[in-house]
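In what follows, a structure is listed as structure tokens, so that the remarks can point back to it.
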Amino acid sequence: MSDLIDVPRGLNGVVAAETTISDVDGDAGVYHYRGSSAVELARTRSFEDVWQLLVVGELPDATTRAAFAARVANVQADPALPGLIAAVTARTDQPLAALRAVWTLAASARSSAALYDLDSDARLDEAIAFAALAPLALAPGAAGGRGVVADYLERVTGTAPDDAHVRALSAYLVAAMDHGFNASTFTARVIASTGADMASCLSGALGALSGPLHGGAPARALDSLDRADDDPAAWIAGELDAGRRLMGFGHAVYRTADPRSELLREVARGLGGDRVTQALAFQEEAERQLAQRRPERPLHANVEFYAAVVMEQCGIPRAMFTPTFALARTIGWTAHVLEQARDPKIIRPAARYVGRVLVG
């Protein structure tokens, strides 16, 4: 084919679609949701408020906030839901696998139709419903009525959280809801472009998120802190000498400090503790060594580094780091699925064949 367009590996820098949901300026080190600073939203707004901003398009007032909360509560109060979740968790103790299965079974129970066959109101119902299932599927138990974040944290830790931990986790979840066309979000949009149902779009995105280079990074960043405890300078040098990357440092988009990392560093400092002190020292030493080795492009701590610290300080076990990230990103996925479903064009790139030539 003579009309193929060569693009960079990984599609870096390639514009694949237009969006009104969020924007990331990697050179300036800022990002926003629908024109509102994502960092400021994380500092000042609730999880539910920003959820509504992303999927509905506007921040709520008192009336729309109550109406949205009622829609979420209605889904979570479905009397069939505890049995459905129990049937899944009896067969797997892996939260991401449980979430995929719950979404699939819920799609069957709801007789979910292909997005192609639904109008905009029905699509929004599907988006809210499947996102509302996520916190209960990831951390089963009753919704306690304190809000998504407080209820989730209580089910994960087994104890009623204090307000500081709820605020800290909420800041992380809001900051992580969406971030451009990352791998999982793009996966959701590709599936949505086929007209598939909401559960299929979200399950595909979840599969992409499960990879260690995407949603699995926070736990690995904390592993680095554990291994470097005695002598971080020597450990960091050893990793870099061996050609291994430091998990939690560098980003494909940002050429400055990651604003999400700076936000969560601020949150971590507010929580305090020995782990936070260790993380601050590790970041300083890691960035110093990275700048020495790559002065043309210094690598900074990214969101995964302090996300791990904040989640640990909130009492979330390491095995729940990626599921907690998934809880946040599910909101962004649903927003992107809704947006993509309005575009009738299927996403269908080409590949350049470089194998053996046809003979005979």
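For PHE249, the amide hydrogen comes within under 5 Å of the amide hydrogens of ASN302, counting only partners 5 or more places away or on other chains and with H modelled in the peptide plane.
For the chain, the Cβ-based charge dipole about the Cα centre amounts to some 760 debye (Lys, Arg positive; Asp, Glu negative; other atoms uncharged). Helix content alone sets the calculated 222 nm mean residue ellipticity of the chain: runs of n ≥ 4 DSSP H residues at -39500 (n - 2.57) each, divided across all residues, give -18000 deg cm²/dmol.
For region 157-242, carbon and sulfur atoms together expose 52% of the accessible surface, with a 1.4 angstrom probe and every protein chain in place.
Comparing TYR353, ASN182, ILE5 along the charge dipole axis of the chain, the residue lying farthest to the positive side is TYR353, per the Cβ-charge model. Length gained on full extension, ASP230 to ALA109, computed as 0.36 nm times the residue gap minus the Cα-Cα distance: 38.3 nm. Each part reduced to its alpha carbon centroid, region 223-268 and region 124-146 end up 33 Å apart. For region 142-199, the Cβ-based charge dipole about the Cα centre amounts to some 100 debye (Lys, Arg positive; Asp, Glu negative; other atoms uncharged). A Gaussian network model of the chain, with springs between Cα atoms under 10 Å, assigns the largest mean-square fluctuation among ALA106, ALA38, ALA28 to ALA28. Scaled against 2.2 N^0.38 Å for its residue count N, the alpha carbon radius of gyration of region 1-149 is 1.28.
The residues of region 245-343 have, on average, 37 Å² of accessible surface per residue, using a 1.4 Å probe with all protein chains present. Across GLY204, GLY35, GLY180, mean-square fluctuation computed from a Gaussian network of the chain (C-alpha pairs under 10 Å connected) peaks at GLY35. Quick one: grab the alpha carbon gyration tensor of region 124-202, order the square roots of its eigenvalues as a ≥ b ≥ c, and give me rounded if a/c is under 1.5, else prolate or oblate depending on whether a/b is larger than b/c. Here region 124-202 falls in the prolate category. Along the charge dipole of region 24-91, Cβ charges K/R +1 and D/E -1, which of VAL50, PRO82, ALA69 sits furthest on the positive end? Result: PRO82, furthest along the dipole toward the positive end. Each Lys and Arg Cβ is given +1 and each Asp and Glu Cβ -1; about its Cα centre, region 114-244 then shows a dipole of about 140 debye. Of the peptides 225-232, 149-156, the order by per-residue mean of other Cβ atoms within 10 Å, starting with the highest, comes out as 149-156, 225-232.
Which shape class, rounded, prolate or oblate, goes with region 184-224 when its Cα gyration tensor gives a ≥ b ≥ c as root eigenvalues, a/c under 1.5 marks rounded, and past that a/b bigger than b/c marks prolate? Note, shape of region 184-224 comes out prolate. Report, to one decimal in Å, the Kirkwood hydrodynamic radius for region 197-277 based on all distinct Cα pairs. Its Kirkwood hydrodynamic radius stands at 15.1 Å.
Go ahead and set up a Gaussian network model of the chain, Cα springs under 10 Å, then flag whichever of LEU206, LEU138, LEU53 fluctuates most. Looking only at LEU206, LEU138, LEU53, the largest GNM fluctuation is found for LEU53. Evaluating 6.51 cos²θ - 1.76 cosθ + 1.60 at θ = phi - 60° for every residue in region 197-205, the Karplus couplings come out as 6, 4, 4, 5, 4, 6, 5, x, 4 Hz, glycine and proline recorded as x.
The shape of the chain comes out oblate: with a ≥ b ≥ c from the C-alpha gyration tensor, a/c is at least 1.5 while a/b does not beat b/c.
Under a 5 Å amide H cut-off, with hydrogens placed 1.01 Å from N, TYR33 pairs with ALA38 among residues at least 5 apart or on other chains. Computed from the Kirkwood radius of its Cα pairs, the Stokes-Einstein diffusion coefficient for region 77-172 at 10 °C and 1.306 mPa s stands at 109 µm²/s.
The values are calculated or read from the model by the stated rules, or taken from the named source; none is laboratory data. What you are looking at is a predicted structure, and each value in this text was computed from that prediction instead of being measured. All Cβ positions, glycine included, derive from the backbone under ideal geometry; neighbour counts span all protein chains shown. Keep in mind that these areas ignore ligands, DNA and RNA; they rest on the heavy atoms of the full protein, side chains included. Shrake-Rupley method; radii C 1.70, N 1.55, O 1.52, S 1.80 Å.
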